[in-house]
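Heads up: the structure comes next, in structure tokens.
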2 protein chains.
Amino acid sequence: MPASDALLDAVSFDADGLVPAIAQDAETDQVLMMAYMTEETLRETLETGRMVYWSRSRQARWAKGETSGHTQAVEAVRLDCDGDTLLFKVTQEGGACHTGYRSCFYRRAEDGTLVADGEQVFDPDAVYE
Amino acid sequence: MPASDALLDAVSFDADGLVPAIAQDAETDQVLMMAYMTEETLRETLETGRMVYWSRSRQARWAKGETSGHTQAVEAVRLDCDGDTLLFKVTQEGGACHTGYRSCFYRRAEDGTLVADGEQVFDPDAVYE
């Protein structure tokens, strides 16, 4: 895990204290999801090497995989030019999406419709009771 | 270009009328940048096949490459499970970043520092006068 001092200083959090974090599969480069982090959950992510987000809907800390077991281990961290978006390369256990798909971006726009063409890797009914 | 009807209906714009849009290199899968779109610039993006963002700092339409020539042609469009983030696969001319790097995520966190290890593909002083 990379250390965090310069990174934490360089991140610009928005008016709600959040920064968007993109999670990309370290092996395949598939974009898995985008969610938000607070300074606190970013710090915890860097310290533990596991992705910890902030749920805007629940207004709560959200340690990815705590319920499902589908954790994301941090392999690398990147920051964009403006310092207001993070890109994490992660090793994803199981699937990133609560719907059971490997990636939250499992729908593709095609001919005026949305086609679910992603890879379903678990049964959400069996994971989230 | 995929048509847009179902996609436009399915997108959830935030309180400011914006949706984050991730641009990923269609050839290499490198994540190039993340910026925002309004419903209007998303519609224009889908109709023209060129990425058109909304600049939050300038509060203005931002047709990528209009000044620099570094356009992004849309190859595919994906929507996430919540409908609040878009993922575009694009063919990037030149570099995505105004600093001259191929990707805006040209800095990597390492040993408590930020290291610029991205590929610089143009001289920003020569492009933006």
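The values are calculated or read from the model by the stated rules, or taken from the named source; none is laboratory data. Since this is a predicted model, take the numbers as computed values, not measurements. So basically every Cβ, Gly included, is an ideal-geometry build from the backbone, and we count neighbours across all protein chains shown.
Overview of results
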{"quantity": "Any hit, the stretch A:72-84, residues being within 9 Å of chain B (Cβ to nearest Cβ), within 27 Å of A:Glu47 (Cβ to Cβ) and under 11 Å from the mean Cα position of the chain (by Cα)", "calculated": "no"}
{"quantity": "Any hit, the stretch B:55-64, residues being aliphatic (A, V, I, L, M) and either more than 22 Å from A:Met34 (Cβ to Cβ) or without any contact (Cβ under 8 Å) to a residue 24 or more places away in the chain (or both)", "calculated": "yes"}
{"quantity": "Filtered residues of the stretch A:86-109 (kept if more than 14 Å from the chain's Cα centre (by Cα) and either more than 8 Å from chain B (Cβ to nearest Cβ) or touching a residue at least 24 places away in the same chain (Cβ under 8 Å) (or both))", "calculated": "A:Thr99, A:Gly100"}
{"quantity": "Among (1) at pLDDT below 95; (2) at the interface with chain B (Cβ under 7 Å from one of its Cβ atoms) - the single one A:Val127 does not satisfy", "calculated": "(2)"}
{"quantity": "Restricting the stretch B:1-58 to residues that are of a type in the set (D, E, K, R) and part of a helix (DSSP H, G or I), the residue that is nearest to the other protein chains (Cβ to nearest Cβ)", "calculated": "B:Asp5"}
{"quantity": "Selection from the stretch A:71-87 of residues that are surrounded by fewer than 23 Cβ atoms within 10 Å (Cβ to Cβ) and either outside any loop (DSSP other than H, G, I, E, B) or in contact with a strand residue (DSSP E or B) (Cβ under 7 Å, 6 or more places away or on another chain) (or both)", "calculated": "A:Thr71, A:Ala73, A:Val74, A:Glu75, A:Ala76, A:Asp84"}
{"quantity": "Which listed residue, of A:Asp125, A:Asp117, is free of Cβ contacts under 8 Å to residues at least 12 places away in the same chain and closer than 15 Å to A:Val31 by Cβ", "calculated": "A:Asp117"}
